[in-house]
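Asks: Could you have a look at this structure, given as structure tokens, before my questions?
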Amino acid sequence: MLLRKRSENLLDQLPAQYRDEPFTRSCTGGGGGSATGNAVASPDASPGNATSVPPGGGASAEIMIHVIDEVRRVRRNFTCRQDVLVAHMKYFEAHLAGVAQEEEIDISVHCDVGVFEWLAQYMEDTRKAESLDANSVVSILISSEFLQMHGLTQACLSYMCANLNRVLRLPIDLGCLSSEIVRRLSQRFTDEEVDALKDKRNKLQGRLFAHKLQDLLSEDDNALYSCIYCRGVFTAQQREVTVCPSASALIDFHGRTIAPHVASSDWDVGCYVQHCHERLRLSWREIYWRMWARVQLFRCSTCGLHFSGAELEHCAYHPKPPVWGQAPDANIGVYPCCNQETMRFGTSRGPSGCCAREHIAEVPRGGEDSAGVVVLLAKLRRHRDFACVPFEQRESELFPATTGCDLRKSPSLPGECSGVDAAEEDEDSSEGDAGDVAGGGGGGIGGAQPLGCGVGY
């Protein structure tokens, strides 16, 4: 019986830089401004700033919006009809609920002036979204998500998906993108499309693979377990057909030798992924492909054993036949290549060996299953450098019996290390990205600075 134990929410264990909300720190790499807006009553407010709406309808109230650009040290006022503001920026809906039309309303927004001007033009004419470009889309996306401009957020995501390599070439701090935005971006790409991104500085690719990994391991069929005997990792389906090299051999009702894996009750996939990162020093990209290969199942036509995709190169054999002893020890032999003992008659677990070659995966004849196996094998071979464990390193991937990993004390997934490692990753992810979206020192529409709002009555 398998004991299922998985992290309920893998994303909760992601490194801090992958979980933080985008407006809790400066996004320009500089000293940054305040991340939250203050409720400010405008000193210039006057009854003329708001117009009452007749009970039967008529013009909506005009609202004064004070935009404070702390990077450029500029303040600018905008006016907008209340109905237009609430229709597009759902963020203000709760703040303005129950406010009488005749009340004077002032709103303070901490934001790039150019960005807010663009947003104001979009509220007047949504065709403004057609003018999105690589320089502006990140700032517009961050602001539109915060202000809950759902249609514009969708348009920005679509543009980024179609032009992501262009965006990645710019000096943009993509660490400002929220986890939710990155999750939605990852869902628009296949894993191979994420792999093909030209992101040399890993500004976004690692985060996309992190969400791909979460989706992969969240599927029931991909639930991973660890064997208490061999410390290998397997899925429920793989347990039914694979052999544990360390478990006690048994004979079933058909006379066949069986040695099933036994799942550990205190093993957690989050700790395993942490082990891959901290002990094996694997990147997000490598960990994703290793996990993807680990949950694939094939059968070798050469050795007759089932194997996971990560074990593609583990078809074991001995280059020389065994040398058998003389009677009365004629049942015992030794392989001269590695001095491993063997027996003529005994409970064999299947082929073994000190050398290995690539498994020859069986392909079902005809049907969708045949096409599916061929596609999976081709995909596995394209990414074998990351997906497959070399035969010589098969022991290093085993999850250690005692790791000291306590998710309650040190929750983490790949990419989060204690102390120096975490700081180094954070530094690497932001190095050189101190410039704003436009590539300048905070000029133009591209300044991706923190955005905060305050409403005063």
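The values are calculated or read from the model by the stated rules, or taken from the named source; none is laboratory data. Computed from a prediction, not measured in an experiment: that's the story for all the values here. Counting neighbours? That spans all protein chains shown, and the Cβs are built from the backbone with ideal geometry, glycine included. With ligands, DNA and RNA removed, areas are computed over all heavy atoms of the protein, side chains included. Shrake-Rupley method; radii C 1.70, N 1.55, O 1.52, S 1.80 Å.
Asks: What are the residues in region 108-132 that are touching a residue at least 24 places away in the same chain (Cβ under 8 Å), touching a helix residue (DSSP H, G or I) at 6+ places or on another chain (Cβ under 9 Å) and under 24 Å from ASP173 (Cβ atoms), if any? Spell out the reasoning first.
Replies: Filtering region 108-132 for residues touching a residue at least 24 places away in the same chain (Cβ under 8 Å) gives 108-120, 122-124, 126, 129, 132.
Next cut, touching a helix residue (DSSP H, G or I) at 6+ places or on another chain (Cβ under 9 Å) only: 109, 111-112, 114-116, 118-119, 122-124, 126, 129, 132.
Correct list: VAL109, CYS111, ASP112, GLY114, VAL115, PHE116, TRP118, LEU119, TYR122, ALA129, LEU132.
Asks: If you don't mind, there's one more thing I want to ask. Cβ-Cβ under 6 Å, sequence separation 6+ or interchain: first residue in region 62-80 and farther than 9 Å from ILE107 by Cβ and hydroxyl-bearing (Ser, Thr, Tyr), partner open to solvent by less than 60 Å² (accessible area, probe 1.4 Å) and outside any loop (DSSP other than H, G, I, E, B). Which pairs?
Replies: Qualifying pairs under 6 Å: THR79/MET64.
Asks: Could you list, in sequence order, all residues of region 380-391 that are of a type outside the set (Val, Ile, Thr) and touching a helix residue (DSSP H, G or I) at 6+ places or on another chain (Cβ under 7 Å)? Walk me through how you get there before you give the answer.
Replies: Our first condition is that a residue be of a type outside the set (Val, Ile, Thr); within region 380-391, this holds for 380-388, 390-391.
Once the filter is applied, which keeps residues that are of a type outside the set (Val, Ile, Thr) and touching a helix residue (DSSP H, G or I) at 6+ places or on another chain (Cβ under 7 Å), region 380-391 yields LEU380, HIS383, PHE386, ALA387, CYS388.
Asks: Quick one: which residue in HIS306, HIS261 is touching a helix residue (DSSP H, G or I) at 6+ places or on another chain (Cβ under 6 Å), closer than 22 Å to CYS230 by Cβ and free of Cβ contacts under 8 Å to residues at least 60 places away in the same chain? Write out each step before concluding.
Replies: Values: HIS306 fails: free of Cβ contacts under 8 Å to residues at least 60 places away in the same chain.
Every option except HIS261 fails the conditions.
Asks: Residue pairs, Cβ under 7 Å, 6 or more apart or interchain, first in region 387-400 and in a loop (DSSP other than H, G, I, E, B) and of a type in the set (Ser, Thr, Tyr), second at pLDDT 90 or above and open to solvent by 20 Å² or more (accessible area, probe 1.4 Å). List them.
Replies: Close Cβ pairs (under 7 Å, with a partner that is at pLDDT 90 or above and open to solvent by 20 Å² or more (accessible area, probe 1.4 Å)) do not exist here.
Yes or no, residue by residue, for (1) more than 20 Å from LEU305 (Cα to Cα); (2) hydrophobic (A, V, I, L, M, F, W, C); (3) at pLDDT below 90; (4) surrounded by fewer than 14 Cβ atoms within 10 Å (Cβ to Cβ):
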| residue | (1), (2), (3), (4) |
| --- | --- |
| SER218 | yes, no, no, no |
| ILE228 | yes, yes, no, no |
| GLY232 | no, no, yes, no |
| ALA236 | no, yes, no, no |
| ILE251 | no, yes, yes, yes |
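Asks: Can I ask one more? Out of LYS90, LYS128, I need the residue that is exposed (fewer than 15 other Cβ atoms within 10 Å of the Cβ) and either touching a Cys at 6+ places or on another chain (Cβ under 8 Å) or of a type in the set (Lys, Arg) (or both). Which one?
Replies: Numbers: LYS128 fails: exposed (fewer than 15 other Cβ atoms within 10 Å of the Cβ).
On inspection, the qualifying residue turns out to be LYS90.
Asks: Still on this model: Just to check your reading of the model, which residue among GLY175, GLY206 is of a type outside the set (A, V, I, L, M, F, W, C) and either open to solvent by less than 20 Å² (accessible area, probe 1.4 Å) or more than 24 Å from LEU282 (Cβ to Cβ) (or both)?
Replies: Numbers: GLY175 fails: either open to solvent by less than 20 Å² (accessible area, probe 1.4 Å) or more than 24 Å from LEU282 (Cβ to Cβ) (or both).
Checking each option against the conditions leaves just GLY206.
Asks: Let me ask another. Evaluate region 84-107: report whether one residue or more is under 26 Å from PRO171 (Cα atoms) and in a helix (DSSP H, G or I). Before the answer, list the steps.
Replies: Filtering region 84-107 down to residues under 26 Å from PRO171 (Cα atoms) leaves none.
No, the conditions are met nowhere in region 84-107.
Asks: Quick check on my filter: what residues within region 238-249 are open to solvent by 20 Å² or more (accessible area, probe 1.4 Å) and without any contact (Cβ under 8 Å) to a residue 24 or more places away in the chain? Walk me through it before giving the result.
Replies: The initial filter retains those residues of region 238-249 that are open to solvent by 20 Å² or more (accessible area, probe 1.4 Å), namely 239-243, 245-246, 248-249.
Listed by number, the residues that qualify are GLU240, SER246, SER248.
Asks: Which ones in region 201-239 are in contact with a strand residue (DSSP E or B) (Cβ under 9 Å, 6 or more places away or on another chain) and not in a loop (DSSP other than H, G, I, E, B)? Show your work before the answer.
Replies: In the first step, residues of region 201-239 are kept if they are in contact with a strand residue (DSSP E or B) (Cβ under 9 Å, 6 or more places away or on another chain); the result is 224-228, 232-239.
TYR225, SER226, CYS227, VAL233, PHE234, ALA236, GLN237, GLN238, ARG239 - these are the residues of region 201-239 that are in contact with a strand residue (DSSP E or B) (Cβ under 9 Å, 6 or more places away or on another chain) and not in a loop (DSSP other than H, G, I, E, B).
Asks: Shifting gears a bit: Does region 375-386 contain any residue that is within 37 Å of the chain's Cα centre (by Cα), of a type outside the set (A, V, I, L, M, F, W, C) and exposed (fewer than 11 other Cβ atoms within 10 Å of the Cβ)? Working first, answer last.
Replies: At the first step, the residues of region 375-386 found to be within 37 Å of the chain's Cα centre (by Cα) are 375-386.
Retained after the next criterion (residues that are of a type outside the set (A, V, I, L, M, F, W, C)): 379, 381-385.
Then keep just the ones that are exposed (fewer than 11 other Cβ atoms within 10 Å of the Cβ); that gives 385.
Yes, there is a match, as at least one residue in region 375-386 is within 37 Å of the chain's Cα centre (by Cα), of a type outside the set (A, V, I, L, M, F, W, C) and exposed (fewer than 11 other Cβ atoms within 10 Å of the Cβ).
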